[in-house]
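This report concerns only the one structure given below.
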Amino acid sequence: MLEKTDKKYILPTYARNYVNFVKGSNATLTDSEGKRYIDFTAGIGVVSVGHANAELSDVICKQVQKITHISNLYLIEPQATLAKKLVDLSGYDMQLFFSNSGAEANEGAIKIARKYGEVDGEIKRYKIITLEHSFHGRTISTLKATGQESMHHYFGPFPDGFSYAKDIEAIEGMLDDKTVAVMIELIQGEGGVEPQDKAKVQALAKILKERDILLIVDEVQTGIYRTGELLASNLYEIEPDIITLAKGLGGGVPIGAVMSGKKEILKAGDHGSTYGGNYLVTAAANKVLDILEREKNRGALDAIMIAFEVELEKLALTYSDIVSKSVGLGLMRGLRIKDAKTLAKIVDAAFLEGVLVLKAGRNTLRFLPPLTISQEEIKDGFEKLNRVFAAL
Ligand SMILES: *Cc1c(COP(=O)(O)O)cnc(C)c1O
């Protein structure tokens with residue numbers, strides 16, 4: 001019945017699974033038939049503090065009973081507090097702009113870069129280099145920034161100035177006097193969960209700084225403790241000019257952010273968003289950060305990351321005939337599956353067994369569990385996955 005309604009009234013842009021989840025608790029979901037699932041996806045890295053987190057839902061409920069939204073024409077107290085918290089925790093001397101999604105955060109970053117390339121009212125430098133297999137969003141310009149030509153059919157003409165480097169090392173050779181920025185993910189989320197080499201990224205950052213080319217790090221997926229530090233940029237010990245955030249920041253409420261070390265570029269009227277950073281989402285994100293910072297400081301986050309890694313390595317080793325290697329960092333993990341058909345089978349069989357997993361690229365089984373997942377949920381989820389792999 002619901003499936004029929006959905007198919008009749010929702011544009012068919014998603015290859016949807018028609019399960020009807022009715023309740024969540026941390027990394028566990030229950031469907032309308034009462035079946036339980038271990039959630040190793042966290043709504044694609046969004047539900048960072050778990051489903052139905054009591055502290056978070058309490059803050060959200062209390063906030064909407066006071067003010068949900070007033071627009072950016074007035075001071076928004078939790079927005080200022082959130083920006084300060086992100087700056088303090090990251091250690092970067094930056095200011096923030098709040099958007100509603102990852103793509104919109106990247107749009108903001110692209111606009112800052114384009115205006116940074118302005119001289120005397122004209123855009124002199126406008127080229128932005130991204131990486132092959134990257135993912136930066138679905139709006140027209142972030143789609144063009146996405147280094148996957150297969151996604152560029154139908155939607156052109158696109159804005160000019162985007163080109164794709166094969167890898168980090170290939171970027172230097174592509175820089176010219178029209179290049180204003182390089183935008184990268186430190187671990188490509190959709191592209192296969194392979195972390196970039198730290199020394200190579202640091203070398204790139206140095207070259208860009210010398211040439212006054214902006215380094216934009218898209219941390220929409222890697223940010224907010226996903227890799228164990230607030231930002232993957234902290235882990236890589238680099239100082240980007242611009243960092244974008246979304247997914248895990250709101251714990252489920254839609255919020256994105258641009259953090260920029262170039263504070264003087266955008267002036268009043270250059271950019272904006274009606275919803276961006278309203279009371280509801282910034283009150284929630286403040287709580288998400290408080291919870292995750294606390295979990296990090298008391299060692300719980302590191303402990304859970306190690307526990308997850310241990311189970312994942314065990315699975316990879318036991319089924320080395322199916323898995324070629326294990327990739328990723330923190331709770332952004334993947335298993336390279338030797339055969340793409342087997343990967344599709346694993347995702348489907350895991351669902352039937354009661355564990356939710358993701359695909360990335362052509363041959364990666366991807367894991368993005370809530371950062372608060374319990375030891376029992378990890379154990380339960382991997383027992384289920386072991387049964388799935390054993391039955392292949
Ligand atoms: C998900 C994602 C985006 C797009 O975010 P939306 O909120 O879907 O617009 C951009 N960049 C990266 C790295 C992502 O993982």
Q. Lysine pairs in the range 107-171 with alpha-carbon atoms under 19 Å apart, 8 or more places apart or on different chains: how many are there?
A. 9
Q) When the chain is treated as a GNM, springs tying every alpha-carbon pair under 10 Å, which of N234, N26, N17 comes out with the largest mean-square fluctuation? A) N17
**Q.** Surface accessible to a 1.4 Å probe, E293 within the full protein complex, Å²
**A.** 60
Q.
With an 8 Å Cα cut-off and a minimum separation of 6 or more residues, compute the relative contact order for the chain in percent.
A. 23
Q: Sort M151, M1 from largest to smallest accessible area, using a 1.4 Å probe on the heavy atoms of the protein chains.
A: M1, M151
Q) Taking a probe of 1.4 angstrom, what is the accessible area of I112 in Å², to the nearest 10? A) 10
Q. Along the charge dipole of the chain, Cβ charges K/R +1 and D/E -1, which of A109, L365, S134 sits furthest on the positive end?
A. L365
**Q.** Phi to ³J(HN,Hα) by Karplus 6.51 cos²θ - 1.76 cosθ + 1.60 over the range 142-158, Hz, x for Gly, Pro
**A.** 6, 5, 5, 5, 5, x, 9, 3, 4, 8, 9, 4, 6, 9, x, x, 9
Q. Looking only at E33, E132, E313, which one moves most when the chain is put into a Gaussian network model with springs between Cα atoms under 10 Å?
A. E33
Q.
Shape verdict for the range 74-167, please, from the Cα gyration tensor: rounded (a/c under 1.5), prolate (a/b greater than b/c) or oblate.
A. prolate
Q: Work through the residues other than A268 whose Cβ is under 15 Å from its Cβ and net out their charges, Lys, Arg +1 and Asp, Glu -1.
A: +2
Q: Distance between Cα centroids, the range 63-109 to the range 350-392: provide it in whole Å.
A: 33
Q: Could you please put Y236, Y154 in sequence from largest to smallest accessible area, using a 1.4 Å probe?
A: Y154, Y236
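Any chance you could run the full-extension gain for A390 through E118? It's 0.36 nm times the residue separation minus the Cα-Cα distance, nm to one decimal.
Length gained, A390 through E118: 92.1 nm.
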Q. Just how much of I291 is accessible, in Å², when a 1.4 Å probe is used and the result is rounded to the nearest 10?
A. 0
Q. At a Förster distance of 35 Å, what's the computed FRET efficiency of L317 paired with F351, Cβ-Cβ distance as r, to 0.05?
A. 0.90
Q) In a GNM of the chain with a 10 Å cut-off on Cα contacts, which of P195, P240, P159 has the highest mean-square fluctuation? A) P159
Q. Accessible area, 1.4 Å probe, largest first: how do D6, D321, D212, D31 sort?
A. D321, D212, D6, D31
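The values are calculated or read from the model by the stated rules, or taken from the named source; none is laboratory data. Just so it is clear, the structure is predicted and the values come from calculations on it, not from any experiment. Using ideal geometry, Cβ is built from the backbone for each residue, glycine included, and neighbour counts are taken over all protein chains shown. Only protein heavy atoms, including side chains, enter the accessible area calculation; ligands, DNA and RNA are left aside. Shrake-Rupley method; radii C 1.70, N 1.55, O 1.52, S 1.80 Å.
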